[in-house]
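Below is a structure I'd like to ask you about.
The values are calculated or read from the model by the stated rules, or taken from the named source; none is laboratory data. Computed from a prediction, not measured in an experiment: that's the story for all the values here. Quick reminder, even Gly has a Cβ in these numbers, built from the backbone with ideal geometry, and neighbours come from all protein chains shown. Each accessible area value is taken on the protein alone, full model and side chains, heavy atoms only, with ligands, DNA and RNA left out. Shrake-Rupley method; radii C 1.70, N 1.55, O 1.52, S 1.80 Å.
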Amino acid sequence: MSPKTRARGRAEAPDVPPELTRIPGRRILVVSPVVQIRLGPGDRVLVSPGQKVTAGMPIAERTCDPEFIDVGRLNGATNGNGKGNGEGGWKGSQQERRRPPLPGKWWVGGDDRRGRNARREGPRRLAGTLLYEINGRWSAAAGDRHEKVESPTSGVIVEAANCIGIAMKVTGIAIPAAVAGGQPTRGYLDVPRLVDGELRDTALDMGRSGAIVVAGGRVSAEALTRARAMSIRGMVAGSLGQAELRDLAASEGRQRAALHSMPPFGVLGLDGHQRRPIASPILALLAALAGREVAIITEPPLLVLDVVDVPLPELPRDWVRVRSGTHAGREGRWLSSAGLHRFRAGIHLEAANVRLGDDLGPTIIAVADLERFIL
Amino acid sequence: MSRQPRAFFALDFGAATTSAALVGHAGGRWRLLAHTAAPSTTDLDALLFGILDRVGKADRELLEFVSARERPGTAALVADLARLESRSSPPRRIAVLAGSKRQRRRLEEIASRAGWLVVGGSADVDDPLELSRLVLAWDTHAVLLGADSSPAGDEKRHLPMLGALVAAAARRRPELAVVLAGGAAIQESDFSGAGEHDRIPEVVKAAAPDSSAESDATPVDVATSAETTEEAPAVETAPGEPAAEQAAVGATPEGPSEATAPAATTAPAATTAAPRAPDLAAPAHAAPVELPVPSGDRHDSVLLAPDAESGQPAGSALQQVLEGLRARSDESRLGIARSVRSLALLLDKSIEVIEVGLDGGLRCRAEAVGPGHRTVVSSHVAMASASFAPEDLSDEMIDAVSSWSTIAFDRYRLSDRLRDLRSSPWGEADGEGALLRLAAAKAAVERLVAATPEISVREMPDIMIAAGGVWASTPPSVVALAMADLVRRPGVGRLACDQARLLGPLGAIADEEERRKMLKDLVEDVLLPLGSLILPAGIRQGRSAGRMRVTGETSNSDIDLQPGGIWAVELPPGQTATADMDFRDAVRLGARGRHFSVEVSGGLGGLFVDLRDIPLRLPDKADQKRATWESWQRAMWSEIDE
């Protein structure tokens, strides 16, 4: 298939024959999804609910090396007897300082906590969030290294809470994915030429620095390492194996321990964990968006497009794709229902006749192994 | 003809599968007219249209009769027929905190048996920062802080810190449900001192379950209720409802006697001239005190619960509280447990169900005991980790699947396949995918069996039922083999499958009497017979163990009993036979002896004679183990090479 593309707004789903509704639908785009950015003890938010944010705007401050700190007694300290929840937002930081201590409130260590001792010359900026209070004494999760978390995309803050996270309603639209690894990130979309649906590692060079690269059916651990070294911001592939995700998590752990922080790197698997090529309608959509600013979100896995209107691929309504089984990844046209069919190992499943690719004859495929696209 | 339709839809909304059945009253009883199952993403109306269409094509008059209409329109019937529904509760996560590692493990085990996904930490091992991370995480829905009823020094010294930490987290996240178990209840004051601008969590006491019910429920009573028939109404707890409701009932000032009132108040439906569909609007069980409701509602409560040793067996009281906090009232698994209790009383047999689905699994057992067999003792454990494709897939789980698999996988490849199975549970259900699914299901049942020793020590049940979507497409003889592989107890029992997935929805019928009447009509339709299983213990290896003659209505068989094997003897559904066995040495088959004569009934798989070891002895080497599994599997699954 070579899906044509044309620019239009949000498309309405065409009428679908009743038999086709038995085939699970896959939505190519979702509009204004709510995404989450997870924070932990020691991290604070710099935004407040209802606030509009743009891509690249600092929305949180993460403590890179949080430790458990016994803060001691604080002025006005009572067991949670105060106003607000500790989030004043960036603008309200002055009022924030005047508020009595509360769990989750941003705390900056006093002189005795700033590391001024005989062995150190300069003061350390020890800061974090308060955890809890026992008998008037407060504890905190704090550290002396902090980094700003930038918003990967534009949107409106739905929830924001120190130590917990930020929920944001995205302004644009997004392509849902199945798996994500790494961190939320953003960059320009780069769709290089794929060889047999795959991207060669050597294609990942410094010229793609700052890009989110479409990597074909599968991305290897070597490709991920190389991409990070080349300052590539992220990769999008058809599938993402668990081994690669573990390698990436280990690499991120090492990165966090290092003093020099690198820009966030994220990776998306559009279909799952087992190797499958990127679905042609999605590849066509990505190709049409090449060069535009996009963002990778990890919770939930999404590729966010900072636009409202995109050129959607024009698909026949009986266009289906095999998502699992021996023909996984192939696409074609649904011909008719095949009723209950006996498959390998004597398993009886509801089936359909599908003409895959350029095949001359139909292939009988279990309906549960198929997917159709919903625009 | 009455204008009231004599039919209803029974719907089970699972995480992976939606099952729909049309039940109609025809020929003087309720009957299963048609059923179907499809991925949960399928449009429900399309599913119901399909069912009605099939019934209409097969027997138009029947459809007109049960719908009480001439030329009934399919669309109108889909809209008008009553629906009896049950649903899977989505998996929810609980953070278990304790002062000591020992206590934490105990609490984690109980929370896991109550169906929660569990993360845990103890103050003697983990620092407060790590514990805070657990309770503040977005995907943590509840916190269980527990201690012994009289905590020892190792726990006691950590409790103030843990109480303050959880109270601080509850202030930050008002939606977080907090359970203080046992001696941790002393920290309750931490939650009542919130300032005027904080949300003050309401403290609700959840007492231990009604002990009077337990006294009647012997010898086994795990997370249980004992119930009686209408002839002996003295003690009747509302069976199987979310247990926190029971606990809350116990905490009302009126006392436990008030709790028994709503159980059987609806008049039984007349099933002759004017049958009526079950009371579908009423909840399965009414409870006078509402405890925090899960699934989307906010919990502004702190629950005081019994400690990890309360109940009989130990931990069952806390398990009930946690289960009530997690499950919705129309949950499928609780519905199955309720239906099984009714069935046990109805059939006067011991019944065990093993259910495996995408969101978890269930093992439950019910048997009639006491004078006149009018009391049912039952137990159930629903575990999120007993999913065939668990959300929290650990290396141990992957290894367990690998050890049951007849295909060689490396760990990462198997991990990828299991994770894809979770995201697409209906995908690749044939060929190699069917073998993987079977191995994953067996590993899930193994986890379930390991977590329910109190059921495993009981005798082989009269009827063992396999339920859940994972068995839906598996050949009956393979399901029977899986049951024989996993639940190894000497004895003779019947094997059946809840093919139409009716047990869950029928468990949602509010009135026990009505449910029992409905089951009485439907029992033949609900339980698809797989066959009978003969499983003797104490067979010596190396030579013929004896002979068995099966004398049936249409055919006879004579089998040489060779140790270490499993055979299927053809015995069609609906037929019964007598199996006479003469063993060379004394074996255990219920009782100990050499000569046995038992009545067996047929099924889709026939009669299974299993002379393998109890427990199974397998080679240590992985390839030899796979070959052993394959040889047994091939004997029952001849289509495997197609």
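Of B:Lys442/B:Lys625; B:Lys57/B:Lys517; A:Lys105/A:Lys148; B:Lys442/B:Lys517; B:Lys349/B:Lys517, which ones are farther than 22 Å apart at the Cα? Show your work: numbers first, answer last.
Values: B:Lys442/B:Lys625 15 Å; B:Lys57/B:Lys517 29 Å; A:Lys105/A:Lys148 17 Å; B:Lys442/B:Lys517 34 Å; B:Lys349/B:Lys517 17 Å.
As for pairs spanning more than 22 Å Cα to Cα, those are B:Lys57/B:Lys517; B:Lys442/B:Lys517.
Assuming R0 = 41 Å, can you tell me the calculated FRET efficiency for the pair A:Ile134 and A:Ala257, based on Cβ-Cβ distance, to the nearest 0.05?
On the way: r = 31 Å, r/R0 = 0.76.
FRET efficiency, A:Ile134 to A:Ala257: 0.85.
A follow-up question, please. Among DSSP beta bridges lying fully in the stretch A:181-323, give the percent that are antiparallel, nearest 5.
Restricted to the stretch A:181-323, the bridges split so that about 50 percent are antiparallel.
May I ask for the accessible area buried between chains A and B, both sides summed, probe 1.4 Å, to the nearest 100 Å²? Kindly include the intermediate steps, with their values, before the conclusion.
Numbers: alone 18810 and 25630 Å², together 40030 Å².
Heavy-atom accessible area buried at this interface is about 4400 Å².
Once label points are set 7 Å from the Cα along Cα→Cβ at both B:Asp623 and B:Arg588, what is their separation, rounded to one decimal in nm?
Here the answer is 3.7 nm between the modelled labels.
Tell me which of B:Gly146, B:Ala114, B:Ala98 sits at the most positive position along the dipole axis of the stretch B:93-205, charges placed on C-beta atoms (Lys, Arg +1; Asp, Glu -1).
B:Ala114
If each of A:Glu147 and A:Val34 carries a label point 7 Å out from its Cα toward its Cβ, how far apart are those two points in nm?
Label-label distance for A:Glu147 and A:Val34, simple model: 2.8 nm.
Over the whole of B:159-171, what's the average partner chain Cβ count within 10 Å per residue? Rounded to a whole number, please.
Other-chain Cβ atoms within 10 Å of each residue's Cβ, averaged: 5.
Ranked by accessible surface with a 1.4 Å probe, highest first, in what order do B:Glu155, B:Glu188 come?
Numbers: B:Glu155 0, B:Glu188 60 Å².
The ordering from most to least exposed comes out as B:Glu188, B:Glu155.
While we're here: Can you work out the PRE-style zone for B:Lys57? Point 7 Å along Cα to Cβ, and I want the residues of the stretch B:70-96 with backbone N under 17 Å.
B:74-75
Turning to a different aspect of this structure: Taking H as built 1.01 Å from N, whose amide H comes closer than 5 Å to the amide H of A:His146, not counting residues under 5 places away?
Close amide H contacts, sequence-distant or interchain: A:Cys64.
Ignoring ligands and nucleic acids, what accessible area does B:Arg584 show with a 1.4 Å probe (Å², nearest 10)?
Ignoring ligands and nucleic acids, B:Arg584 comes out at about 120 Å².
For the stretch B:93-205, what is the charge dipole size about the Cα centre, in debye to the nearest 20, if Lys and Arg each add +1 at the Cβ and Asp and Glu each add -1 at the Cβ?
220 debye
Under 5 Å between amide H atoms, partner at least 5 residues away or on a different chain: which partners does A:Met235 have, H built in plane at 1.01 Å?
The answer is A:Val213, A:Gly266, A:Val267, A:Leu268.
On a 1.4 Å probe surface of the protein chains, which of A:Asp306, B:Asp148 comes out largest in accessible area, and what is the full order?
Most to least solvent-accessible, the answer reads A:Asp306, B:Asp148.
For A:Val308 and B:Asp395, what does the FRET efficiency come to when R0 = 30 Å and r is the distance between their Cβ atoms, rounded to the nearest 0.05? Write out the running numbers ahead of the final one.
Details: r = 44 Å, r/R0 = 1.47.
Using R0 = 30 Å, I get an efficiency of 0.10.
Rank-order B:334-341, B:116-123, B:391-398 by packing density, defined as the average count of other C-beta atoms within 10 Å over each peptide's residues, highest first.
Ranking, from highest mean packing down: B:334-341, B:116-123, B:391-398.
While we're here: Can you order the peptides B:168-181, A:206-219 by their average number of other Cβ atoms within 10 Å per residue, highest first? Could you put the intermediate results ahead of the total?
Working: B:168-181: 24.6, A:206-219: 20.9.
Going by the mean number of other Cβ atoms within 10 Å, highest first, we get B:168-181, A:206-219.
When you look at the Cβ of every residue in A:32-42, what mean number of other chain Cβ atoms sits within 10 Å? Display every interim value, and only then the final one.
Values: counts 0, 0, 0, 0, 2, 0, 4, 2, 6, 9, 3.
Per residue, the average neighbour count from other chains is 2.
Based on alpha-carbon centroids, what's the gap between the stretch A:286-321 and the stretch B:566-642 in Å, whole number please?
Comparing the Cα centres of the stretch A:286-321 and the stretch B:566-642, I get a distance of 55 Å.
Please give, to one decimal in nm, the separation of the simple spin-label points placed at B:Asp43 and A:Asn353, each 7 Å out from Cα toward the Cβ.
Placing both labels 7 Å along Cα→Cβ, they lie 2.3 nm apart.
Still on this structure, I have one more. Out of A:Gly182, A:Gly217, A:Val236, whose Cα points farthest toward the positive end of the dipole of the stretch A:173-307 (charges: +1 Lys, Arg; -1 Asp, Glu; placed on Cβ)?
Value: A:Gly182.
What length, rounded to one decimal in nm, is gained on full extension from B:Arg543 through to B:Ser403, with 0.36 nm per residue of separation minus their alpha-carbon distance? The partial results should precede the final answer.
Values: separation 140, 0.36 × 140 = 50.40 nm, distance 2.85 nm.
Contour length minus Cα-Cα distance gives 47.5 nm.
Count, for each residue of B:125-135, the Cβ atoms from other chains sitting within 10 Å of its Cβ, then give me the mean as a whole number.
Neighbouring Cβ atoms belonging to other protein chains average 4 per residue here.
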